[in-house]
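Heads up, the thing below is written out as structure tokens.
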Amino acid sequence: GRSLAELVAAGERSFSFEFFPPRDEAGEEQLWRAVSALEPYRPTFVSVTYGAGGSNRDTTVRVTGRMARETTLTPMAHLTCVGHTREELEAILDEYEAAGVRHVMALRGDPSDGPRAPWVPTEGGLQYASELVEMCAARGTFRIGVAAFPERHPASASLDQDADVLAAKARAGAEFAVTQMFFRADDYFSLVDRVAARGVDLPILPGIMPILNLNAIRRQGELIGTEVPADVVERIRAHEGDPVAMRAEGIALAAELCEELLAGGAPGLHFYTLNQSRATLEIFERLNVTV
Ligand code: FAD
């Protein structure tokens, strides 16, 4: 396949879908149903997150490997520094490579007590995502994505620090970034400007999360530093008591954001699917996207 940079150079947009590793058999079936439903849309890549620790970490290797073998999709496997030594990280990269996975999302990850707990690197491991980017890049076989934060990473002192970190990750070998969820297009465009001002040419894919459950998104947003703006809350709350209308409003809001982002020059869209195809396809239908 063509790289993201090549797509963007050709004036084309990237579309991608994110999944998480299933925890049981029912989750496994749900994942592959969603994958099958989205595959015909020929995404640029599909990504699979890496568990915050414990048993489902091997699942990312298994799921991305199966995607590489049994589907037409280009899988991107996430990897974090949490709880791993350098040797372990190298071994997981070996597994990705052996499974035919050529795209890696290189992340630091969060402490087991959550994104706001102090970060303590694992002994013999890595401290920052940029070091994992370097490790991936040194192999010469991976295309590397990294995380970006339109509203500031909770542990960063400023938006400028975030932009410095992102520029450093690009210089270390990252080819593109995907953002945390956000709900104001301006936050995204400002991030793009800050990164460009640092002389770095890095496609930044907006991460799209439709609000299907307002309270859950607000709770998650508080942890990761994403605000649900008052006007967005208001538009959803206007349908309180009517779950169908509330859901439709969440889809409409996401589609409006997508349109604003594409109109403003975003290189594509990255959808957080939560292993469901329906919401993503509903948003797609509202966009003028030809597949
Ligand atoms: P970093 O880039 O290392 O940044 C972390 C913090 O350290 C920031 O505050 C940054 O400013 C600071 N920092 C970085 N470098 C330096 C430096 N040289 N000096 C001083 N400070 C520095 N988590 C998972 O567990 N699994 C996943 O699969 C996963 N997928 C994600 C996908 C996306 C698109 C996003 C946006 C996040 C994802 N996360 C995932 C969450 C992510 O692990 C957390 O947001 C984490 O807190 C930050 O990771 P990072 O890679 O941005 O870290």
> Is there a residue being closer than 23 Å to V46 by Cβ and modelled with pLDDT under 95 anywhere in region 123-141?
Replying inline: yes
>> Quick check on region 75-98: of everything there that is crowded, with 20+ Cβ neighbours inside 10 Å and either part of a loop (DSSP other than H, G, I, E, B) or of a type in the set (D, E, K, R) (or both), which residue is farthest from the ligand (Cβ to nearest atom)?
In response: H84
>> Quick check on my filter: what residues within region 99-114 are crowded, with 18+ Cβ neighbours inside 10 Å, within 10 Å of the ligand (Cβ to nearest atom) and assigned to a loop (DSSP other than H, G, I, E, B)?
In response: R108, G109, D110
> Is there any pair with a first residue in region 124-145 that is closer than 14 Å to V165 by Cβ and a second that is among the small types (G, A, S) and more than 8 Å from the ligand (Cβ to nearest atom) whose Cβ atoms are under 6 Å apart and which are 6 or more apart or on different chains, and what are they?
Replying inline: S130/A172; V133/A172; V133/G173; V133/A174; E134/A172
> Within region 28-83, which residues are over 20 Å from S3 (Cα atoms) and among the basic types (K, R)?
Replying inline: R33, R57, R62, R66
> Could we say that L38 is surrounded by 20 or more Cβ atoms within 10 Å (Cβ to Cβ) and away from the ligand (no atom under 15 Å from the Cβ) here?
Replying inline: yes
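Being without any contact (Cβ under 8 Å) to a residue 12 or more places away in the chain and within 11 Å of the ligand (Cβ to nearest atom) is the requirement here; does A163 meet it? Steps first, please.
Values: without any contact (Cβ under 8 Å) to a residue 12 or more places away in the chain: no; within 11 Å of the ligand (Cβ to nearest atom): yes.
Against the criterion (without any contact (Cβ under 8 Å) to a residue 12 or more places away in the chain and within 11 Å of the ligand (Cβ to nearest atom)), A163 does not qualify.
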> Restricting the search to region 220-234, which residues are surrounded by fewer than 18 Cβ atoms within 10 Å (Cβ to Cβ) and more than 16 Å from the ligand (Cβ to nearest atom)?
Replying inline: P229, A230, D231, V233, E234
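When you go through A148, A157 one by one, which is the residue that is closer than 24 Å to P203 by Cβ and near the ligand (Cβ under 9 Å from one of its atoms)? Steps first, answer last, please.
Working: A157 fails: closer than 24 Å to P203 by Cβ.
Of the residues listed, the single one that is closer than 24 Å to P203 by Cβ and near the ligand (Cβ under 9 Å from one of its atoms) is A148.
Of all residues in region 1-48 being assigned to a helix (DSSP H, G or I) and at pLDDT below 90, which is nearest to H78 (Cα to Cα)?
Taking region 1-48 and keeping what is assigned to a helix (DSSP H, G or I), we get 4-9, 25-41.
Subset that is at pLDDT below 90: 4-9.
Numbers: L4: 17, A5: 20, E6: 22, L7: 22, V8: 22, A9: 25 Å.
Result: L4.
The values are calculated or read from the model by the stated rules, or taken from the named source; none is laboratory data. This is a predicted model, so every value here is computed, not measured. Cβ sites come from the backbone with ideal geometry, for glycine too, and all protein chains shown count toward neighbours.
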